[in-house]
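Colleague: Take this structure first; my questions come after.
Read-outs throughout are calculated quantities, based only on the coordinates presented, and are distinct from any laboratory measurement. Computed from a prediction, not measured in an experiment: that's the story for all the values here. Cβ placement follows ideal geometry from the backbone for every residue including glycine, while neighbour counts extend to all protein chains displayed.
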Amino acid sequence: MENVHVLDHPLIQHKLTLIRDKNTGAKDFREVVKELSMLMAYEVTRHLPLEEVEIETPMGRTKAKALSGRKLGIVPILRAGLGMVDGMLNLVPAAKVGHIGLYRDPKTLQPVEYYCKLPADVQERELIVVDPMLATGGSAKAAIQFIKDKGATNIKLVCLIAAPEGIQAIREAHPDVEIYVAAVDERLDENAYIVPGLGDAGDRLFGTK
Ligand code: PRP
Ligand code: URA
């Protein structure tokens, strides 16, 4: 599917199975989400441009490759997206972090914004929006729209598990956004939870409920 990258690396698939398991507690869940985010960051940054620099090794001068200074931003959708920030920062420590607070109204299923703080130079950055779950797509769709309204033009979306409905919603609303997921699951249930999914990502990360 155009614009959709399903990351099928064995380590990613194995760790995804660990967090799907209902017997995995909050401590391990957090740790594995962090590891997964790091592995996904590796794939998402694959296209970053390189430049040639001259350095001196202990053996003499040489030309070598270095990142050519593209500015990155990581934007977690609160709350559950927070669980993916540290893993990503491990690989791209120079990235700035913006936050978007949204929750899905349990009755209307519509996203409600309660917080938005982005890097001031957001329009110059390549932004990676992170949220473990892409269910109806309502939250990610709204978050991406907020970011675009602030001038951002280069946006990627990284989720652990997506429902086909969520992918469709993002592809329709934001065809310019590349989507990276570890799995596309079967369907949504009557409460718009992903099946088989992993349950409520925020609750499992933070031990609430
Ligand atoms: C979850 C999840 C996504 C959203 C996905 O957040 O982390 O943000 O639901 O659903 P959607 O694609 O149908 O919008 P939730 O609203 O439960 O808030 P939380 O992260 O604070 O728990
Ligand atoms: N939000 C979650 O945390 N899990 C789902 O399955 C759907 C939305």
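Colleague: Dipole size in debye (nearest 20) for the chain around its Cα centre, Lys and Arg Cβ +1, Asp and Glu Cβ -1?
Modeller: With Lys and Arg at +1 and Asp and Glu at -1, about 440 debye.
Colleague: Could you give the dipole magnitude of the stretch 60-131 about its Cα centre, charging the beta-carbon of Lys and Arg +1 and that of Asp and Glu -1, in debye to the nearest 20?
Modeller: Magnitude of the dipole: close to 400 debye.
Colleague: Tell me which GluC sites (Glu not before Pro) from the stretch 134-208 have a DSSP coil assignment and no more than 14 other beta carbons within 10 Å of their own.
Modeller: In loop regions of the stretch 134-208 (DSSP not H, G, I, E or B), the sparsely surrounded GluC sites (Glu not before Pro) are Glu186, Glu190.
Colleague: Using alpha carbon centroids, what distance separates the stretch 126-143 and the stretch 45-118, in Å?
Modeller: 15 Å
Colleague: Also: Expressed as a rounded percentage, what relative contact order does the stretch 1-117 have, with Cα pairs under 8 Å and six or more residues apart?
Modeller: Relative contact order for the stretch 1-117 comes out at 20 percent.
Colleague: State the Kirkwood hydrodynamic radius of the stretch 77-135 in Å, one decimal place, computed from all pairs of distinct Cα atoms.
Modeller: When all Cα pairs of the stretch 77-135 are included, the Kirkwood radius is 12.6 Å.
Colleague: Please state the relative contact order of the stretch 112-172 as a whole percent: Cα pairs under 8 Å, 6+ residues apart?
Modeller: 45 percent.
Colleague: In addition: Per residue of the chain, what 222 nm ellipticity follows from adding -39500 (n - 2.57) for every DSSP H run with n ≥ 4, rounded to the nearest 500?
Modeller: Mean residue ellipticity, 222 nm, calculated: -9500 deg cm²/dmol.
Colleague: A follow-up question, please. Got a sec? How would Arg125, Arg61 order by Cβ neighbour count within 10 Å, fewest to most?
Modeller: By the 10 Å Cβ count, ascending, the order reads Arg61, Arg125.
Colleague: Counting only C-alpha contacts under 8 Å and six or more residues apart, can you give the relative contact order of the stretch 63-123 as a whole percent?
Modeller: 30 percent
Colleague: If you don't mind, there's one more thing I want to ask. As a footprinting exposure proxy, order Met133, Met59, Met84, Met1 by other Cβ within 10 Å, with the fewest listed first.
Modeller: With the sparsest Cβ surroundings first, the list reads Met59, Met1, Met133, Met84.
Colleague: What ³J(HN,Hα) values, in whole Hz, does the Karplus curve 6.51 cos²θ - 1.76 cosθ + 1.60 give for the stretch 85-91 when θ = phi - 60°, with x put for Gly and Pro?
Modeller: Along the stretch 85-91, the couplings run 6, 4, x, 5, 5, 4, 8 Hz.
Colleague: Work from the charge dipole of the chain (Cβ charges, +1 for Lys and Arg, -1 for Asp and Glu, about the Cα centre) and give the residue of Val177, Gly101, Ser37 farthest towards its positive end.
Modeller: The listed residue farthest towards the positive side: Gly101.
Colleague: I'd like the antiparallel share, as a percent to the nearest 5, of DSSP beta bridges with both residues in the chain.
Modeller: 40 percent
Colleague: For Lys141, list the lysines whose Cα falls under 30 Å from its own Cα; do not include residues on the same chain fewer than 8 positions away.
Modeller: Once the sequence-local lysines are set aside, what remains near Lys141 is Lys15, Lys22, Lys27, Lys34, Lys71, Lys96, Lys107, Lys117, Lys150, Lys156, Lys209.
Colleague: Further question: Given Cβ point charges of +1 (Lys, Arg) and -1 (Asp, Glu) and nothing else, what value in debye, to the nearest 20, does the dipole of the stretch 103-209 about its Cα centre take?
Modeller: 200 debye
Colleague: Mind checking which helices in the chain clear 18 Å along their axis (Cα) and have mean Kyte-Doolittle hydropathy of -0.5 or more, DSSP H runs only?
Modeller: Length and hydropathy pass: 26-44.
Colleague: Can I ask one more? Can you sort Val33, Val4 from fewest to most other Cβ atoms within 10 Å of each residue's own Cβ?
Modeller: Ordered from fewest to most neighbouring Cβ atoms within 10 Å, Val33, Val4 come out as Val4, Val33.
Colleague: Taking 1 over the mean of 1/r across every pair of different Cα atoms in the chain, what Kirkwood radius in Å do you get?
Modeller: Kirkwood hydrodynamic radius for the chain: 17.7 Å.
Colleague: Would you mind counting up the charge near Val92? Only other residues with Cβ under 13 Å from its Cβ, with Lys and Arg at +1 and Asp and Glu at -1.
Modeller: Neighbour charge sum, excluding Val92 itself: +3.
Colleague: Among DSSP beta bridges whose residues both lie in the stretch 94-160, state the antiparallel percentage, nearest 5.
Modeller: Around 55 percent of the beta bridges assigned by DSSP in the stretch 94-160 are antiparallel ones.
Colleague: Pick out, from His9, Val92, Ile77, the residue whose Cα sits farthest towards the positive end of the charge dipole of the stretch 3-98, with +1 on the Cβ of Lys and Arg and -1 on the Cβ of Asp and Glu.
Modeller: Result: Ile77.
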